[in-house]
Amino acid sequence: MARQSAAPRSVSSGSKPSASGRSASSRSASHRGTSTRNTSAGGTGATSSASTASASGAKPKRANTKTPAATAAAPARRRRASAARAAGTGAGTAASTAPPQFSLTTADPGKVKADALIVGLHTGAEEHAGAVLPFEPEPQSPWAQVQRAAELAGISGALGEVATVPGTDLVAADRLVLVGLGEIYRLDAERVRKAAGNAARAVAGLGEVATTLSAIDLAATVEGLALGGYVFAGYKQPSKPPVRSVKLLVPSADKAAKEVLRRAVVTAEAVLLARDLINTPPNDLPPAAFAERAAQAGAAAGLTVEVLDEKALQQKGFGGILAVGAGSARPPRLLRLSYRPARPAAKIALVGKGVTYDSGGLSLKPMPGMVEMTSDMSGAAAVVAATIGAAALGLPVAVTATVPLAENLPSGSAYRPADVITHYAGKGKQGKTSHILNTDAEGRIILADAIVRAAEDNPDYLLETATLTGAQVVALGNRTMGVMGTDELRDRVAELARQTGEGGWAMPMPEELREGLQSYLADIQNVGAGREGGMLTAAHYLAAFVPDELPWAHLDVAGPAFHPGAPYGYTTKGGTGVPVRTLLATMEDLADA
């Protein structure tokens with residue numbers, strides 16, 4: 001990635017990862033050539049020359065529905081997803097702490113015994129003094145007691161506010177944790193999610209808590225608590241681990257509520273899987289180790305897995321991936337994960353950039369810009385997690401993730417500015433040639449190979465994501481991804497990114513910027529003539545490898561994929577898991593199209 005400054009969990013509430021450690025690099029994948037694993041339910045995961053698998057599921061309701069029907073396959077998918085998360089964490093590899101166990105209850109919140117009761121408050125109108133509750137009816141909260149607690153704590157109910165007071169004489173819980181939701185007229189799922197994330201850190205170290213936030217928005221509360229309490233504990237023990245269990249106070253604990261809970265846990269666990277991969281240091285996650293961990297997670301989820309090593313990449317002509325990986329002693333890989341349900345409504349290709357560490361290569365980055373380049377495989381982590389999440393949700397779409405993996409390092413064997421490389425084109429075809437002007441614009445080089453390979457499957461849609469350009473941060477900041485591609489799909493993805501809370505903005509691709517990629521020596525050059533429009537120019541490079549009639553979207557998450565500062569809301573320090581929730585929402589939306 002040309003950024004110069006500061007960008008396989010899957011799912012059962014409460015399942016624990018294996019013990020962590022630092023031996024991931026010593027267990028690097030030993031695949032030679034192409035391996036395809038039979039990972040159907042009941043399969044052994046043994047390598048075979050040609051095998052297929054499917055993880056099937058009935059078509060679900062939309063994610064935000066309040067009356068989804070639980071499917072008979074859901075428990076099996078949940079067990080497979082839990083196994084996938086554990087496999088992706090892997091014995092002897094870095095891991096995060098386990099998320100809470102969640103349960104539903106219709107009990108009176110004031111009478112629930114727990115270490116803490118979490119209640120949301122919003123800022124009062126002018127006639128109110130201090131914070132007030134969003135709604136009065138039960139089981140939202142014990143109204144009078146919470147009003148008294150708010151007065152004692154002196155809080156206003158502003159978003160981000162958290163206060164803890166003793167539960168004595170107020171509620172049966174030992175503590176009352178008050179969290180701000182902000183103005184009532186702005187209350188939405190994202191504000192509930194952020195409040196739950198703030199609360200998760202306030203109750204860290206406790207055993208069991210209860211919350212009334214779930215009566216406002218059950219799914220948002222679960223996601224916020226699971227993501228906001230996340231701690232990556234692969235290399236040191238946290239001073240306070242996340243809370244162990246959460247009682248979710250709801251008006252009804254019927255099948256519909258249980259299905260909402262299940263789906264929210266699946267979504268959160270997919271994000272946590274991506275975070276685990278992103279937060280693993282690059283010395284423990286070279287291309288082969290990433291491929292192995294993702295392959296294990298995919299196999300546990302019932303997916304078909306394929307891994308190409310450097311010999312197979314050379315034999316098949318993946319010139320872009322090989323060029324970027326040439327400077328490292330740890331060779332590149334190409335990973336493919338496939339989820340194939342019965343009678344899919346659409347075929348979706350996912351592609352994610354997997355530069356497991358980016359020094360810039362011979363176009364060396366300045367030192368401050370290198371530290372966060374451990375996150376330059378965030379796109380790869382996101383599409384791996386989203387594919388496993390799609391299987392766990394039972395989405396009625398066929399999904400194949402194509403993940404190019406390489407380290408971009410300087411050495412005597414590294415590719416050079418002025419080189420001309422030949423991209424992958426498929427058997428019997430001539431690949432496009434690319435004139436390399438900047439080895440730090442490496443993401444687009446490996447993605448071009450992967451896009452061509454993904455398009456060979458004849459998908460209906462292609463979604464690609466990458467920490468691709470520093471220009472994305474300059475244009476949109478650290479919390480809003482740039483979305484480019486074909487107009488209709490681009491706009492849908494950007495809107496869904498905003499709905500999920502991950503933030504997205506549709507960006508144009510002016511034709512004049514494509515002209516800057518014209519090369520006198522090759523079919524295309526890898527950077528434009530100037531600095532202007534860098535994010536959009538990079539999208540033009542990728543577009544040159546997308547078939548003309550294929551709807552596609554490019555999600556540049558250079559800023560949103562990694563948060564170097566203090567936690568806020570449900571975003572913790574390090575990898576964020578963006579855009580996993582956007583990808584899941586888009587796939588579900590495309591299934592209903």
Legend entry - Segments classed as helices (runs of 4 or more DSSP H), wholly inside segment 507-593, with at least 1 members that are aliphatic (A, V, I, L, M) and within 18 Å of residue 378 (Cβ to Cβ): 534-543, 580-591
Inset, instruction - Inspect segment 379-393 for any residue being at pLDDT 95 or above and assigned to a loop (DSSP other than H, G, I, E, B) and give the result as yes or no. - result: no
Inset, instruction - Can you run down the residue pairs with Cβ atoms below 6 Å, 6 or more apart or on separate chains, where the first is in segment 291-310 and in a helix (DSSP H, G or I) and the partner is at pLDDT below 95 and of a type outside the set (Gly, Ala, Ser)? - result: 294/8; 297/8; 299/37; 299/39
Inset, instruction - Could you tell me whether any residue of segment 412-435 is touching a Pro at 6+ places or on another chain (Cβ under 9 Å), on the phi < 0 side of the Ramachandran plot and either crowded, with 24+ Cβ neighbours inside 10 Å or not in a loop (DSSP other than H, G, I, E, B) (or both)? - result: no
Inset, instruction - Output the number of the condition that residue 235 fails; it satisfies all remaining conditions of (1) touching a Phe, Trp or Tyr at 6+ places or on another chain (Cβ under 9 Å); (2) modelled with pLDDT under 95; (3) under 30 Å from residue 440 (Cα atoms). - result: (1)
Legend entry - Candidates 468, 462, 447, filtered to the one that is assigned by the TED database to the domain that holds residue 555, in a loop (DSSP other than H, G, I, E, B) and under 24 Å from the mean Cα position of the chain (by Cα): 468
Inset, instruction - Count, please, the residues in segment 494-515 that happen to be closer than 29 Å to residue 529 by Cβ and open to solvent by less than 20 Å² (accessible area, probe 1.4 Å). - result: 2
Legend entry - Which listed residue, of 248, 277, 303, is touching a helix residue (DSSP H, G or I) at 6+ places or on another chain (Cβ under 7 Å), assigned by the TED database to the domain that holds residue 119 and buried (at least 21 other Cβ atoms within 10 Å of the Cβ): 248
Legend entry - Test: residue 296 is within 22 Å of residue 400 (Cβ to Cβ), at pLDDT 95 or above and open to solvent by 10 Å² or more (accessible area, probe 1.4 Å): yes
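The values are calculated or read from the model by the stated rules, or taken from the named source; none is laboratory data. The model shown is predicted, which means the values in this text are computed figures rather than measured ones. When we count neighbours, we look across all protein chains shown, and the Cβ atoms used for this are built from the backbone with ideal geometry, even at glycine. Areas reflect the complete protein model, heavy atoms only, side chains present, ligands, DNA and RNA absent. Shrake-Rupley method; radii C 1.70, N 1.55, O 1.52, S 1.80 Å.
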